[in-house]
1. Is it the case that A259 is closer than 14 Å to G14 by Cβ and among the small types (G, A, S)?
2. Within the group F261, F329, which residue is touching a strand residue (DSSP E or B) at 6+ places or on another chain (Cβ under 9 Å), touching a residue at least 60 places away in the same chain (Cβ under 8 Å), buried (at least 17 other Cβ atoms within 10 Å of the Cβ) and over 22 Å from V81 (Cβ atoms)?
3. Identify all residues within region 279-296 that are more than 8 Å from the ligand (Cβ to nearest atom) and of a type outside the set (A, V, I, L, M, F, W, C); write none if there are none.
4. Quick one: which residue in A93, A42, A23 is in contact with a helix residue (DSSP H, G or I) (Cβ under 7 Å, 6 or more places away or on another chain) and surrounded by 21 or more Cβ atoms within 10 Å (Cβ to Cβ)?
5. Being within 23 Å of S58 (Cβ to Cβ) and assigned to a helix (DSSP H, G or I) is the requirement here; does A334 meet it?
6. Could you list all residues from region 80-111 that are away from the ligand (no atom under 11 Å from the Cβ) and farther than 20 Å from S280 by Cβ?
7. Considering only helices (runs of 4 or more DSSP H) fully contained in region 161-266, which possess at least 2 residues that are within 16 Å of the ligand (Cβ to nearest atom)?
8. Among the residues of region 297-314, is any away from the ligand (no atom under 13 Å from the Cβ) and farther than 24 Å from P103 by Cβ?
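The values are calculated or read from the model by the stated rules, or taken from the named source; none is laboratory data. Computed from a predicted structure; not experimentally measured. As a convention, Cβ positions derive from the backbone with ideal geometry for all residues, glycine included, and neighbour counts pool all protein chains shown.
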Amino acid sequence: MATPCTLIPGDGIGPDITDATLAILDAAGATFDWDTQVAGAAGVEEKGTPMPDETLDSIKRTRLALKGPLETPIGEGYRSVNVALRQTFDLYANVRPTRDLVPGGRYDGVDIVLIRENTEDLYAGLEHNIRIGDDPQAAAESIALITRVGSERVVRYAFEYAVRHSRKKVTLVHKANILKNSQGLFRSVGQKVAKEYEAKIAFDERIVDAAAMELVINPNRFDVIVTTNMFGDILSDLVSGLVGGLGLAPAANIGRDAAIFEAVHGTAPDIAGKGVANPSALVLAACLMLDHIGDRFRADRIRRAVESIIRDGKVRTRDLGGSATTKEFTDAVAQHLA
Ligand code: NAD
């Protein structure tokens, strides 16, 4: 039976990589009952709002969404729809698995899953300007909200993930040496949860700046990383960079009542409409979605097909040093699956 799923093609390269992903899912025989909706800039254009009620209602109904990247105006305009979706559906864990697929890159054998708290911290949206005299923005204040409940559920998710996927170690990344209250709370809750798993999963911790350096010098020492929202946002892009860039990095946003799957990258305005975007990140996000609904067989088949085409090297998109178009890459993966 087809699984009901909300589909948000997104902005910029979003529609191109979404079409590619649907073609590859189709070639693998995965059947979804898509409910196509708009958000972001497309939402503003079609429905006058970046987050239309119809889109939210659809996700409430299906509890599952595959989402292309959405444009967020910088510094002004509407708030990030991505952040709003995570908060609306309480998608507390952002899961970003990264493996090196391109041989001959900077590192071999990178296989890191970064799990980032997704609703709190500096991204909770608690910020305001402070007027002094005539200057309405003489200062600005953002609050990094960390809660015991929020910390516990994401660290527990990381350990459960490690158990489910036969991983060996969870590293908690923090800045508790400076932010003794907020980051200190995340760290102490994490240490407590880690104790419950000590017979099965190893645990260690790193201060975020040291973690950034070690990720660059010796990424293979990391297995599963769990961290707070902003550190996770930054480190996950760093980890994608270790293995050949954003074009290969998928993400899952997991909550109790809904899950949204997306590429880590954005709308890539510099290449939008040129037909050269690498669709792999969204395709791999669709694989995480197949895992989530229990179709590990098709997820693994698609992952193997994408890997095989990339490793083979004849059909690669420009971001991976090739010259293939989105369509040529998609056709190659689909043929591999046929
Ligand atoms: P970006 O990820 O869109 O682009 C960064 C660089 O990576 C660009 O050079 C781009 O061409 C390249 N790139 C990204 N994806 C690629 C792909 N699939 N294939 C080939 N090359 C690819 O980041 P940005 O330029 O900082 O952001 C552009 C817009 O995207 C902004 O409005 C931002 O808010 C939004 N954004 C959305 C999401 C999301 O929806 N999850 C995530 C990040 C950024």
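1. Considered against the rule, which asks whether it is closer than 14 Å to G14 by Cβ and among the small types (G, A, S), A259 comes out as no.
2. None of the other options fit; the residue is F329.
3. Scanning region 279-296 gives D291, H292, G294, D295, R296.
4. One residue alone meets the criteria, A93.
5. no
6. Answer for region 80-111, where residues must be away from the ligand (no atom under 11 Å from the Cβ) and farther than 20 Å from S280 by Cβ: A84, Q87, T88, F89, D90, L91, Y92, A93.
7. 229-242
8. Looking for residues that are away from the ligand (no atom under 13 Å from the Cβ) and farther than 24 Å from P103 by Cβ, one finds at least one in region 297-314, hence yes.
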